[in-house]
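The values are calculated or read from the model by the stated rules, or taken from the named source; none is laboratory data. Please read these numbers as outputs of a predicted model, since none were measured by experiment. Methodologically, a virtual Cβ is constructed for each residue, glycine included, from the backbone with ideal geometry; neighbour enumeration extends over all protein chains shown.
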Amino acid sequence: MKTIICATDYSKNAVSALKYAHKISSKIGADLLVIHIYELPLILGMEFDIFYDDLEKKTFQKHNKKLKNFCKKHLGKELAEMKVITYAFKGLSVSQGIISKASEYHAFMIVIGMKKESAMKEFFMGDISMDLIEKAPCSILAIPTNASTEKLKTIVYATDFEQEDIGAIYKVSQIANKYNANIKVVHISSSKEKDGNMKMDWFEEMVKQKVTYKKIKYEVLISDEIFNMIRSYLFSNNADLVAMLERKKSGFIRKLFHRDLVKVMESFGDIPLLSFNEANYQP
């Protein structure tokens, strides 16, 4: 059985992420593990040691009750019947806590909320997001606050013809198959790149050797403004999800970090972003 992990901080965007995670887990037949990582208050001095165990136990109970109630409020009371598991635990690092659970459960995906305005900038440029993108053993799905959970008809996958893209596209096809969604594999070629179409033909043949899903189309777009082109393409094709591979040296997501992220992610509107770490898809 697959497991999807949803990490929450109880914020408004976390509600959207929780609902989306539940929808997609139900659709693909996966268990949903909702987690929250908290810090235990720091107590100094040996004289406090006798109270620490009691404090730790009560804090654990408090956070787990809060997390369960949060899920019941937004998903429904019968969590067990919905294959929803909740677990709050202490940790010094939120990102490491998420990654440890993803490794323990061999997670299919980690779902997180995409924050907007000033909070978005803090989230996406902070250590938590980059640690997840760079170190998580599975894909990361970032959900905007107003993302729709009702449909998933068109998935756009942006490729640079990497070998690792094939494994990522296979993972996308597993999701698309459950929704009967179309996958549009696109490459944005600069005006100086003369062999983009030839590379795409080669890449299509390579994908077909590994991915049997039929509703995949391939397209090369010509533009020297990579970001503006993909943004325009997403909206003109009514994309419900955009996916891409994050490469250690020069991934598209990494390029976004050199821009004003608030404006960048707002310009994607309510389209969720699914990122794959190339390290998890080595040939």
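A few notes on this one:
- For region 138-166, filtering for residues that are exposed (fewer than 15 other Cβ atoms within 10 Å of the Cβ) and within 14 Å of the chain's Cα centre (by Cα) leaves 0.
- When 51, 123 are screened for being surrounded by 15 or more Cβ atoms within 10 Å (Cβ to Cβ), among the aromatic types (Phe, Trp, Tyr) and modelled with pLDDT under 90, only 123 passes.
- Considering residues of region 233-283 that are of a type in the set (Gly, Ala, Ser) and within 15 Å of residue 140 (Cβ to Cβ) only, the residue modelled with the lowest pLDDT: 251
- Residue pairs meeting the criteria (Cβ under 9 Å; at least 6 apart or on separate chains; first in contact (Cβ under 8 Å) with a residue 60 or more places away in the chain, in region 218-234; second of a type in the set (Asp, Glu) and assigned to a strand (DSSP E or B)): 233/219
- Entry remark, region 85-116: residues being crowded, with 21+ Cβ neighbours inside 10 Å, within 20 Å of residue 24 (Cβ to Cβ) and over 18 Å from the mean Cα position of the chain (by Cα) number 1 in total.
- Single residue of 217, 208, 184 found to be basic (Lys, Arg) and under 21 Å from the mean Cα position of the chain (by Cα): 184
- Cβ-Cβ contacts under 6 Å between residues 6 or more apart (or on different chains), taken from a first residue in region 103-124 that is farther than 26 Å from residue 3 by Cα and outside the structural domain of residue 270 (by TED's automatic domain parsing) to a second residue that is at pLDDT below 50 and surrounded by fewer than 21 Cβ atoms within 10 Å (Cβ to Cβ), are listed as 120/262; 121/261; 121/262.
- Output for region 177-194, where each listed residue is touching a residue at least 40 places away in the same chain (Cβ under 8 Å) and outside any loop (DSSP other than H, G, I, E, B): 178, 179, 184, 186, 188
- Residue match in region 56-72 (condition: at pLDDT 90 or above and on the phi > 0 side of the Ramachandran plot): no
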